[in-house]
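Enquirer: Here's a structure for you.
The values are calculated or read from the model by the stated rules, or taken from the named source; none is laboratory data. Quick caveat: nothing in here was measured; it's all calculated off a predicted structure. No Cβ is skipped: glycine too gets one built from the backbone with ideal geometry, and neighbour counts run over all protein chains shown.
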Amino acid sequence: MTHVVVARCVDCRYTDCAAVCPVDCFYEVQDPHMLVIDPDTCIDCALCVPECPINAIYPEDELPESYIDWLEKNAELWEDGECITDKTEALPTAKTLEEWQEFEQAQGMDVDEPSGA
């Protein structure tokens, strides 16, 4: 099993998760501008989950239905990215968790937060 970065990371790119990853499985991609996880490298340690300020990382078996396609997107996108291991500034377009939750509710999405957050 792997962990999955979902759409909440798009145009945010908080990197707290990458700084704690013991196997360097986070990659920064440019289209969309976000971080993704290499599923073949992820060891399912879950250290990244509580580090993400917008709860954008889920264990594969907890993915909300509205974000299920992000499992495949992470697997496809990471190869086009650059491995990132240090914490850097978030993008100026970064949203807060509350802003993401309001957006999801306005879209009619029912999204549970990851259990390890």
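Enquirer: Among the numbered criteria (1) acidic (D, E); (2) closer than 19 Å to T15 by Cα; (3) at pLDDT below 95, which single criterion is violated by E79?
Expert: (3)
Enquirer: Follow-up question, since we're still on this one. Identify the residue in the range 63-80 that is buried (at least 18 other Cβ atoms within 10 Å of the Cβ) and of a type outside the set (A, V, I, L, M) and, among all such residues, is farthest from V111 (Cα to Cα).
Expert: Ranking the candidates gives W78 first.
Enquirer: Next up: Counting only residues that are of a type in the set (S, T, N, Q) and in contact (Cβ under 8 Å) with a residue 40 or more places away in the chain, which one in the range 59-106 is nearest to V29 (Cα to Cα)?
Expert: Here is the first cut: in the range 59-106, the residues of a type in the set (S, T, N, Q) are 66, 74, 85, 88, 93, 96, 101, 105.
Next, from what is left, pick out any that are in contact (Cβ under 8 Å) with a residue 40 or more places away in the chain: 66, 74, 85, 88, 93, 96.
On the way: S66: 21, N74: 10, T85: 14, T88: 14, T93: 16, T96: 20 Å.
Among those residues, the one meeting the criterion is N74.
Enquirer: Do you know which residues across the range 81-109 are loosely packed, with under 11 Cβ neighbours inside 10 Å, touching an Asp or Glu at 6+ places or on another chain (Cβ under 8 Å) and not β-branched (V, I, T)? Walk me through it before giving the result.
Expert: Going residue by residue through the range 81-109, those that are loosely packed, with under 11 Cβ neighbours inside 10 Å are 82, 86, 89, 92-93, 98, 106-108.
Subset that is touching an Asp or Glu at 6+ places or on another chain (Cβ under 8 Å): 82, 93.
Residue satisfying the conditions is E82 alone.
Enquirer: Report every pair of residues separated by at least 6 positions or lying on different chains whose Cβ atoms are under 6 Å apart, first residue within the range 42-53 and over 20 Å from T96 (Cα atoms), second part of a loop (DSSP other than H, G, I, E, B).
Expert: Listed pairs, sorted by first residue: C42/T2; C42/C25; I43/V23; D44/M1; A46/G116.
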